[in-house]
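Reading through the structure tokens given below for one structure.
The values are calculated or read from the model by the stated rules, or taken from the named source; none is laboratory data. The structure displayed is predicted, hence computed values, not measured ones. Neighbour counts are summed over all protein chains in view; Cβ atoms, including those assigned to glycine, are modelled from backbone coordinates with ideal geometry. Quick note on the areas: whole protein, heavy atoms, side chains included, nothing else; ligands and nucleic acids left out. Shrake-Rupley method; radii C 1.70, N 1.55, O 1.52, S 1.80 Å.
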Amino acid sequence: MSANIESTDVVVVGGGPGGSTTATLLAKRGHRVVLLEKETFPRYQIGESLLPSTVHGIGRLLGVTEELEAASFMVKRGGSFRWGTNPVPWNFLFAVAPELSGPTSYAYQVERMKFDDILLRNAAKHGVDVRENVPVAEVIGDDERVRGVRLADGSEIHATFVVDASGNRSRIHQGVRGERIYSDFFKNIALFGYFEGGKRLPAPDSGNILCAAFDEGWMWYIPLSDTLTSVGAVISREHAAKLQGDQEQSLLGFVDRCEIVRGFLENATRVTEGTYGEIRTRKDYSYTNSTFHRPGMVLVGDAACFIDPVFSTGVHLATYAGLLAARSINTVLAGELAEDRVFEEFEGRYRREYRVFYEFLSAFYDMQSNEESYFWKARKVTNLAATDLEAFVSLVGGVHSGEQALVQDFRESSGALADAVERTGSMQTESGERMHHLFGTPVVREVMQEMNNIQVRGVQGIAAHELPLLENGLVPAADGLSWTEASR
Ligand code: FAD
């Protein structure tokens with residue numbers, strides 16, 4: 001018999017963005033949540049470029065908006081790409097024009113040590129029992145359901161639900177008895193390090209992520225501060241041989257073959273000490289699990305799936321899944337709906353978001369096309385009745401799901417901004433490229449309108465009526481933290 005057994009409502013394994021989001025949103029409904037993290041925070045993680053839906057939608061739900069603002073992360077107004085057949089980098093922005101920038105028309109480039117720490121401490125502030133330096137060894141349960149976890153020291157925590165948010169490299173996900181299916185298309189390897197003193201794009205795009213294609217793959221160039229830059233090469237597995245031997249030489253070799261990044265790093269020096277001094281590689285990161293849940297257990301974030309580093313979708317998918325999982329568990333624990341019904345909603349919405357990005361990212365890797373065809377493909381996968389560019393921006397803004405909770409702030413800016421977008425539609429940038437505004441996309445407009453409605457109804461004390469996203473699907477409750485049947 002185990003020496004030590006305790007019980008709680010929910011055990012969350014992993015303190016990354018997926019775990020912290022789920023745990024906080026469960027604690028907000030008063031449940032007892034134990035979060036177990038094997039490391040001591042702050043800890044290093046890759047995945048530094050965020051989307052607006054994470055910063056503003058999830059950030060607001062978690063109550064960390066001000067704290068994120070105070071952390072002085074690099075403001076990311078969009079992305080700059082040297083991609084396709086066009087030799088000139090082109091931009092997309094989360095806003096149509098600087099003078100029209102709304103409260104949600106930017107994201108952050110974050111040092112994940114700081115960002116993840118803010119989210120984890122926030123979970124504790126909301127009453128989550130956060131335990132660091134506690135590795136989970138395995139999930140325990142029977143044929144009927146998962147019933148808890150066993151820790152590395154042999155003790156057990158029994159719970160009504162186990163949330164696996166333990167990321168890419170843990171094996172806890174096997175507790176759902178599914179299979180991790182690796183992508184046939186994304187079979188890439190990433191090699192990355194950090195540089196001091198790299199150049200910046202001209203203002204106001206200096207905080208943009210820069211993605212540049214070169215012969216063997218593409219490079220990211222993410223400004224984390226005025227002087228520190230995260231630089232990575234993503235190459236196809238066929239070129240894996242080039243990573244054998246000295247990793248610094250490999251990375252510098254890729255930089256050398258990627259003209260624009262080489263120019264930006266001309267006078268920079270590679271960081272060689274401390275957390276950022278290490279050159280790291282990651283592989284086997286593109287997969288999806290055959291199932292995301294089984295009774296008593298749910299997978300969130302990289303534990304469930306990840307696509308590819310291009311377009312910064314990882315933290316978005318992890319935090320979005322955290323929101324969906326928390327809603328589902330909150331609903332079951334309140335005795336409002338059956339477990340299989342709410343997790344069908346969870347899995348349906350999560351896979352829908354994953355699939356849209358998967359298809360789009362696949363299309364984006366079609367290096368032979370020019371940029372117009374990427375936009376076209378973006379529309380094809382979202383089925384939006386929008387212009388090609390609008391569909392593209394909607395997708396990369398992380399708001400394709402149409403989730404109101406991810407676009408909370410939009411209600412505040414909807415009136416004046418929607419009018420302004422109506423007038424301007426699109427504009428030329430300083431460099432002559434066309435930009436577009438996230439608020440200009442039809443899907444976001446509808447969402448903004450809905451948010452206004454909900455606010456008004458909320459003030460008047462009437463339940464909100466939101467349309468289901470899935471056939472016969474559920475809708476979020478008024479506070480966004482559980483599911484309810486859609487009313488007629
Ligand atoms: P994680 O952030 O991995 O957190 C999991 C936590 O679980 C960790 O803290 C870990 O210590 C803990 N843990 C693991 N096992 C156990 C255990 N047994 N017991 C207890 N705790 C455990 N995403 C973006 O949004 N933008 C980007 O620019 C981006 N770039 C990327 C570049 C590369 C090369 C790769 C591979 C990924 C990139 N991503 C990016 C994806 C991003 O890193 C992940 O999607 C994101 O970190 C997932 O968050 P998570 O909470 O699911 O997992």
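Name the single residue that is surrounded by the most Cβ atoms within 10 Å (Cβ to Cβ) among those in segment 153-171 being acidic (D, E) and farther than 13 Å from G296 by Cα. Please lay out each step first, then the result.
So the first thing to find is which residues in segment 153-171 are acidic (D, E), and the list is 153, 156, 164.
Those left that are additionally farther than 13 Å from G296 by Cα: 153, 156.
On the way: D153: 11, E156: 18.
So the residue we want is E156.
Which one of G322, G314 is within 15 Å of the ligand (Cβ to nearest atom) and out of contact with any Phe, Trp or Tyr (no Cβ under 9 Å at 6 or more places or on another chain)?
Of the residues listed, the single one that is within 15 Å of the ligand (Cβ to nearest atom) and out of contact with any Phe, Trp or Tyr (no Cβ under 9 Å at 6 or more places or on another chain) is G322.
Filter segment 155-169 down to the residues that are farther than 20 Å from L324 by Cβ and under 19 Å from the mean Cα position of the chain (by Cα) and list them by number.
Taking segment 155-169 first, the residues farther than 20 Å from L324 by Cβ are 155-158, 169.
Of everything in segment 155-169, just one residue is farther than 20 Å from L324 by Cβ and under 19 Å from the mean Cα position of the chain (by Cα), namely R169.
In segment 271-295, which residues are touching a helix residue (DSSP H, G or I) at 6+ places or on another chain (Cβ under 9 Å), farther than 30 Å from D142 by Cβ and among the aromatic types (F, W, Y)?
Y285
Taking segment 45-61, which residues are in contact (Cβ under 8 Å) with a residue 12 or more places away in the chain and under 28 Å from R280 (Cβ atoms)? Even if it seems obvious, please write down each step before you answer.
Looking only at segment 45-61, we keep the residues that are in contact (Cβ under 8 Å) with a residue 12 or more places away in the chain, and these are 45-58, 60-61.
Matches in segment 45-61: Q45, I46, G47, E48, S49, L50, L51, P52, S53, T54, V55, I58.
Got a number for residues in segment 172-188 being open to solvent by 60 Å² or more (accessible area, probe 1.4 Å) and touching a residue at least 12 places away in the same chain (Cβ under 8 Å)? Full working, then the answer.
From segment 172-188, those open to solvent by 60 Å² or more (accessible area, probe 1.4 Å) are 174, 177, 179, 181-182, 184-185, 187; that's our starting set.
Next, only the ones that are touching a residue at least 12 places away in the same chain (Cβ under 8 Å) stay: 174, 177, 179, 181-182, 185, 187.
Counting residues in segment 172-188 that are open to solvent by 60 Å² or more (accessible area, probe 1.4 Å) and touching a residue at least 12 places away in the same chain (Cβ under 8 Å) gives 7.
Filter segment 220-247 down to the residues that are modelled with pLDDT under 85, among the small types (G, A, S) and surrounded by 13 or more Cβ atoms within 10 Å (Cβ to Cβ) and list them by number.
S236, A240
Determine whether I189 is assigned to a strand (DSSP E or B) and out of contact with any helix residue (DSSP H, G or I) (no Cβ under 8 Å at 6 or more places or on another chain). Break it down into steps so the answer makes sense when it comes.
Numbers: assigned to a strand (DSSP E or B): yes; out of contact with any helix residue (DSSP H, G or I) (no Cβ under 8 Å at 6 or more places or on another chain): no.
For I189, the condition - assigned to a strand (DSSP E or B) and out of contact with any helix residue (DSSP H, G or I) (no Cβ under 8 Å at 6 or more places or on another chain) - is not met.
Tell me, which helices (runs of 4 or more DSSP H) wholly within segment 1-81 include 2 or more residues that are in contact with a His (Cβ under 9 Å, 6 or more places away or on another chain) and more than 10 Å from the ligand (Cβ to nearest atom)? Explain how you work it out, then say what you get.
Details: elements: 17-27, 59-62, 65-70.
It comes to 17-27.
Based on this model, can you work out whether G217 counts as within 12 Å of the ligand (Cβ to nearest atom) and open to solvent by 10 Å² or more (accessible area, probe 1.4 Å)? Spell out how you get there, then give the answer.
Details: within 12 Å of the ligand (Cβ to nearest atom): yes; open to solvent by 10 Å² or more (accessible area, probe 1.4 Å): yes.
Judged against the criteria, G217 is a match.
From the list Y287, Y354, exactly one residue is touching a strand residue (DSSP E or B) at 6+ places or on another chain (Cβ under 8 Å), touching a residue at least 60 places away in the same chain (Cβ under 8 Å) and either within 11 Å of the ligand (Cβ to nearest atom) or open to solvent by less than 10 Å² (accessible area, probe 1.4 Å) (or both). Which is it? Outline the logic, then answer.
On the way: Y354 fails: either within 11 Å of the ligand (Cβ to nearest atom) or open to solvent by less than 10 Å² (accessible area, probe 1.4 Å) (or both).
On inspection, the qualifying residue turns out to be Y287.
For segment 290-311, which residues satisfy the criterion of being assigned to a helix (DSSP H, G or I) and more than 8 Å from the ligand (Cβ to nearest atom)? Walk me through it before giving the result.
Quick first cut of segment 290-311, residues assigned to a helix (DSSP H, G or I) only: 301-303.
If the condition is that a residue be assigned to a helix (DSSP H, G or I) and more than 8 Å from the ligand (Cβ to nearest atom), then no residue fits.
So the check is Cβ under 6 Å with 6+ separation or different chains; which pairs have a first residue in segment 113-142 that's on the phi > 0 side of the Ramachandran plot and open to solvent by 40 Å² or more (accessible area, probe 1.4 Å) and a second one that's among the hydrophobic types (A, V, I, L, M, F, W, C) and more than 11 Å from the ligand (Cβ to nearest atom)?
G127/A27
Evaluate segment 95-108: report whether one residue or more is part of a loop (DSSP other than H, G, I, E, B) and modelled with pLDDT of 95 or more. It would help to see each step written out before you state the result.
To start, the set of residues in segment 95-108 that are part of a loop (DSSP other than H, G, I, E, B) comprises 95-97, 101-106.
When the remaining residues are screened for being modelled with pLDDT of 95 or more, the result is none.
Scanning segment 95-108, I find no residue that is part of a loop (DSSP other than H, G, I, E, B) and modelled with pLDDT of 95 or more, so the answer is no.
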